[in-house]
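Single-structure report; data block below.
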Amino acid sequence: MKFTSLAIIAMLAASPALAAGKPSQAFLKKAIEGNYAEVQMGKLAQQNGESADVKKYGQMLVDDHTAGNQKAIDAAKSLGMTPPDGPNAKQKADYAKMSKMTGARFDRDFATQMVADHTKDLAEYKKEAKQSDAAGEYAKGQVEVLQKHLDAAKSLQSAKSSAR
């Protein structure tokens with residue numbers, strides 16, 4: 001009986017620490033899936049994009065999100081979680097939709113999607129960057145990269161708008 005009580009007390013004492021780690025783990029899961037998705041979209045932009053700027057942006061996504069994903073995976077492992085190994089179902093569906101497009105239509109829709117994605121991601125990363133764990137450290141290191149991606153995506157979008 002005494003052992004059971006001690007075990008329960010130990011579990012209760014540990015649960016706030018576990019609970020504190022759950023939001024960071026959820027953030028990292030989403031971040032890793034997002035990085036995989038951005039790498040795939042970057043490769044698609046290089047294949048299906050019409051403008052040199054879209055192709056160049058695609059290469060930047062591949063380079064930066066591949067590097068960022070390694071850091072996110074390391075952070076996930078340090079928190080004791082098994083990182084995802086690819087994008088989520090919605091991201092796969094978005095990719096499938098975009099993969100059917102080429103040329104100017106691809107460029108326009110791609111730029112719009114990248115602005116939306118990076119706007120949302122930047123807000124989430126800034127929020128997570130306030131945490132003092134591995135996920136927060138990862139997020140802090142990526143904010144500047146995501147801001148660069150958002151700014152470049154907005155430039156693509158305005159170039160596409162003025163080309164109409």
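The values are calculated or read from the model by the stated rules, or taken from the named source; none is laboratory data. All figures in this text were calculated on a predicted structure; none of them were measured in a lab. With ideal geometry, Cβ positions are generated from the backbone for all residues, glycine too; neighbour counts draw on all protein chains shown.
Go through PRO87, PRO83 for me and flag whichever is at pLDDT 95 or above, more than 12 Å from the chain's Cα centre (by Cα) and within 19 Å of PHE27 (Cβ to Cβ).
Numbers: PRO87 fails: more than 12 Å from the chain's Cα centre (by Cα).
Among PRO87, PRO83, only PRO83 is at pLDDT 95 or above, more than 12 Å from the chain's Cα centre (by Cα) and within 19 Å of PHE27 (Cβ to Cβ).
Pick from region 59-85 the residues that are without any contact (Cβ under 8 Å) to a residue 40 or more places away in the chain and hydrophobic (A, V, I, L, M, F, W, C): which of them is farthest from GLN142 (Cα to Cα)? Per the stated criteria, the residue is VAL62.
Being under 13 Å from the mean Cα position of the chain (by Cα) and under 12 Å from ALA72 (Cα atoms) is the filter here; which residues of region 126-139 pass it?
Of region 126-139, the ones under 13 Å from the mean Cα position of the chain (by Cα) are 126, 128, 135, 138-139.
Scanning region 126-139 gives ALA135, TYR138, ALA139.
Just checking, which of GLU128, GLU124 is in contact (Cβ under 8 Å) with a residue 60 or more places away in the chain and either crowded, with 19+ Cβ neighbours inside 10 Å or over 14 Å from ALA26 (Cβ atoms) (or both)? After applying the criteria, what remains is GLU128. Applying the set (1) surrounded by fewer than 17 Cβ atoms within 10 Å (Cβ to Cβ); (2) within 25 Å of ASP151 (Cβ to Cβ); (3) without any contact (Cβ under 8 Å) to a residue 40 or more places away in the chain to ASN35 leaves exactly one unmet item: (1). Inside region 69-107, residues that are in contact with a Leu (Cβ under 8 Å, 6 or more places away or on another chain) and aliphatic (A, V, I, L, M) make up a count of 6.
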